[in-house]
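What follows is a single structure, written as structure tokens, with notes after it.
The values are calculated or read from the model by the stated rules, or taken from the named source; none is laboratory data. Everything quoted here is computed from the prediction, not taken from an experiment. Cβ placement follows ideal geometry from the backbone for every residue including glycine, while neighbour counts extend to all protein chains displayed. Side chains included, ligands, DNA and RNA excluded: accessible areas come from the protein's heavy atoms. Shrake-Rupley method; radii C 1.70, N 1.55, O 1.52, S 1.80 Å.
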Amino acid sequence: MTDPTDSLAAFPRERTWLLPALRAAQQAERWLSPETLDRIAAHLRVPTSEVWGVASHYPELRLARPGRRIVRVCTGVSCRVVGGRELLAACEQRLGVRAGQTSADGAATLEELDCAFACSVAPVVEVDHALQGRVMPGDLAALLGGVGYHHAVSTPTVGVLTGAASGSPTQYLAAFVRAAQRGRAATRLVVGVGSCSIAVGAGETIAALRDEVARRMLPDAVVAAGCHGMCWAAPTVTVLREGSAPVVIGPVAAAEVPRLLDALSSSDALRDVSGDVMGPQHRVLLERCGLIDADDIADALRHDAYATFARALEAGAPERVIEEVRAAGLAGRGGAYFQTAVKWAGCRAAAGAPKYIVVNGEEGEPGIFKDRHLMEGDPHRLLEAVLLAAYAVGAARGVLYIHGEAELSAERVAGAIAQARRCGLLGDRILGSDFSLEIEIRRGLGGFVLGEETALLESIEGRRAMPRTRPPFPVEAGLWGKPTVINNVETLFAVPSIVARGGAWFAGLGGGQGTKLFGLSGHVRRPGVVEMELGCTLRTLIDTVGGGSSTGRPIRAAVVGGPSGSVVNPRHFDEPLIPRGPVNPGTGGVVALDERASVRDVVRTLLAFNTRESCGKCTPCREGTARLLAMLDAPVDQATVKRLSEVIQLASLCGLGQAAPFAVLSGLAEFPGEFGVS
């Protein structure tokens, strides 16, 4: 085992590197021993008590030695309603240990997961950090025996583009685009390789496809793309031929690859599974996901990546970028729906340098998994969006904060950063201009409160994730006291299309609201990620796009927006999904519940998560959520619940605490009989 302190020398002796140092030490040691924490404190010159305080705050850090194997079963709402609790009980019986414990011989540690963020292939079990989706009780013998679970796919090394870089920004970029066009295969077999599809065998499928194409000496290129959102059909293979529309085939297991290639060579008609799902969608953010090589900047350039940024840079009018975003009416997609242009203009006008752009890719809400799909599927679009935002506000530094367990997202974004830097799209004098931007990746260590932007800043600075009092607002005094813009991944993904096509075009979608990503899971036949114009309805999402109930039983409710969202009765399924409307889309998670699901159990699960994840800074949230949770374990006094909920909503410091009672209040209002209320 690697000495966990060997890597400390790589970190500058500054507090901001505390979380990266803790993460690196845990990766080496599998946990954080007292001796390791003491050494980290000494190296970073941070008081030992504060290092312990930070280490005990983040849920992904371990302060006790785990077993030789770590088994985690997801019991979040999406997995819970399709068998997650039963799988946990079966694991307890097979391993001979209760959840939250390590066996006496140290062989295994068994834990519950609040969410594995692979909700579209639920139920999910993780063994030694490898996810397995769609797990049935009969799969556990092989899974826990160490065989039969899936590993991340390895991707080929991508060559470095070369071009005669000179001239204006658009001319500079055009040289790399010309280089990217060379050597492209006429037929491309694109395998959707995302965190969801890897959990159901995409790694094995792409390996078998590469081997078989090589054995048959076919000229076809085999490409690892991200997921196009049709997780229900994963693993998928998309056939791209020059002059023909894409054909999506799935699920394709590794053993079925020879039959697929036989059908392609004989020109047999292939059943495209995408029609019913793609028809109602308006794909703007997802337009390249599932179609381009997620690891290759050349493929991104062939699909117009960075072209909008190059034109904006050449125009030399950063204020115009802000005005297009303002005309689009783009509001933050992290759940608060604050106007993006207001943030950007405030940061641009603020005094102080350097200015920062921070991307919130933490996405720690159970049942929400859209941002991972975006980062895994089109990392260069995210980088282009960051470049546009930084150029608009005058930022010189960028931080991409990515969830600590979103490994594939981090790998692909890191690869994209390295490629972009080699092509002169990051660093000093980008595309030969006077604009410079440096970007770094920071990894989270868990914590729902990181969705609150000032708590995220505290984390980057090496502290416990706790919201700051405001004012001052981050656009005036954010990261290290400097003007800072913070946007989540989905918000930024809209920016390149807005700047390219104009704000009025985006404002013409969704009744002036644009498009929104929704993650469908629970009791639907076609779970996955879809992009719809805002103003669509739950009826359309669940019945038309999601294919209706997966069990054949009626859908009795939907959880919309995760732990900060609400439980919606079917009588509201035809209401338009509009921010601050009767049915608020929130962060976009939609978990369908059939008539056998217990609304009370679902509400309790959501509230228990909010209680555990309270940062503890303010009493109404810390104490109020715990007391509210205890009330759900007894006959419910509706008046008392409402009074306590009102205190939590009005007196909590941040939006997450203020929203914690929403699921309880909506559940009581729509399903009073489940709570013993007449």
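So, counting K/R as plus one and D/E as minus one, what does the shell of residues with Cβ under 10 Å around E50 add up to?
Around E50, the surrounding residues sum to +3.
For Q101, the residues whose modelled amide H falls within less than 5 Å of its own, excluding neighbours fewer than 5 places apart on the same chain, are L110. Between D38 and D633, the distance separating the two model label sites (each 7 Å from Cα on the Cα→Cβ line) works out to 3.8 nm. A crude spin-label estimate for the pair A608 and V342, with each label 7 Å from Cα along the Cβ direction, gives 3.8 nm. Here the simple spin-label model places points 7 Å from the Cα toward Cβ, and for E440 and S244 these points are separated by 4.9 nm. Amide H contacts for V358 (H built 1.01 Å from N in the peptide plane; partners 5 or more residues away or on another chain; cut-off under 5 Å): V399, V485, I486, N487. For segment 13-39, backbone nitrogen atoms closer than 12 Å to the point 7 Å from W52 Cα along Cα-to-C-beta are found at 34-35, 37-38.
In the neighborhood of F369, defined by Cβ-to-Cβ distances under 11 Å, what is the net charge if each Lys or Arg adds +1 and each Asp or Glu adds -1?
Working: positive: K370, R372; negative: E363, E365, D371, E376.
Local charge sum for F369: -2.
Report the calculated FRET efficiency for A28 and R580 (r = Cβ-Cβ distance, R0 = 56 Å), to the nearest 0.05. Taking R0 as 56 Å, the efficiency between A28 and R580 is 0.75. Couplings for segment 531-544, taken from phi via the Karplus curve 6.51 cos²θ - 1.76 cosθ + 1.60 with θ = phi - 60°, read 10, 10, 6, 4, x, 5, 10, 4, 4, 5, 5, 7, 8, 7 Hz in order; Gly and Pro are left as x. Take every Cα pair under 8 Å whose residues are at least 6 apart in sequence, average their separation, divide by the length of the chain, and the relative contact order is 12 percent.
Roughly how many whole Å is it from the C-alpha centroid of segment 57-124 to that of segment 436-490? About 30 Å separates the Cα centre of segment 57-124 from the one of segment 436-490.
For V583, the residues whose modelled amide H falls within less than 5 Å of its own, excluding neighbours fewer than 5 places apart on the same chain, are I578.
Based only on Cα atoms, what mean projected area does the convex hull of segment 172-226 have, in nm²? Intermediate values should be presented prior to the final figure.
Working: hull surface 18.9 nm².
So the Cα hull casts an average projection of 4.7 nm².
Of all lysines in the structure, the ones whose alpha carbon falls short of 20 Å from that of K370, not counting any fewer than 8 places away in one chain, are K516. Hydrodynamic radius of the chain by the Kirkwood approach over all distinct alpha-carbon pairs: 25.8 Å. Protection proxy ranking for 564-572, 524-532, using the average of other Cβ atoms within 10 Å per residue and placing the highest first: 524-532, 564-572. The Cα center of segment 580-595 and the Cα center of segment 173-225 differ in position by 36 Å. Couplings for segment 553-570, taken from phi via the Karplus curve 6.51 cos²θ - 1.76 cosθ + 1.60 with θ = phi - 60°, read 8, x, 7, 9, 6, 9, 8, 10, x, x, x, 9, x, 9, 9, 10, 6, x Hz in order; Gly and Pro are left as x.
Considering only protein heavy atoms and a probe of 1.4 Å, how much of the accessible area of segment 371-412 is carbon and sulfur, as a whole percent?
Carbon and sulfur atoms account for 45 percent of the accessible area of segment 371-412.
Other residues lying with their Cβ under 11 Å from the Cβ of R348 contribute a combined charge of +1, Lys and Arg counting +1, Asp and Glu -1.
Can you tell me the order of 609-622, 385-398 when each peptide is scored by its average per-residue count of other Cβ atoms within 10 angstrom, highest first?
On the way: 609-622: 19.9, 385-398: 23.9.
In decreasing order of mean packing, 609-622, 385-398 become 385-398, 609-622.
Dividing the summed -39500 (n - 2.57) terms of all DSSP H runs of n ≥ 4 by the residue count of the chain sets its mean residue ellipticity at 222 nm at -10500 deg cm²/dmol.
The overall shape of segment 505-574, judged from the alpha-carbon gyration tensor, is prolate: a/c is not under 1.5, and a/b is greater than b/c.
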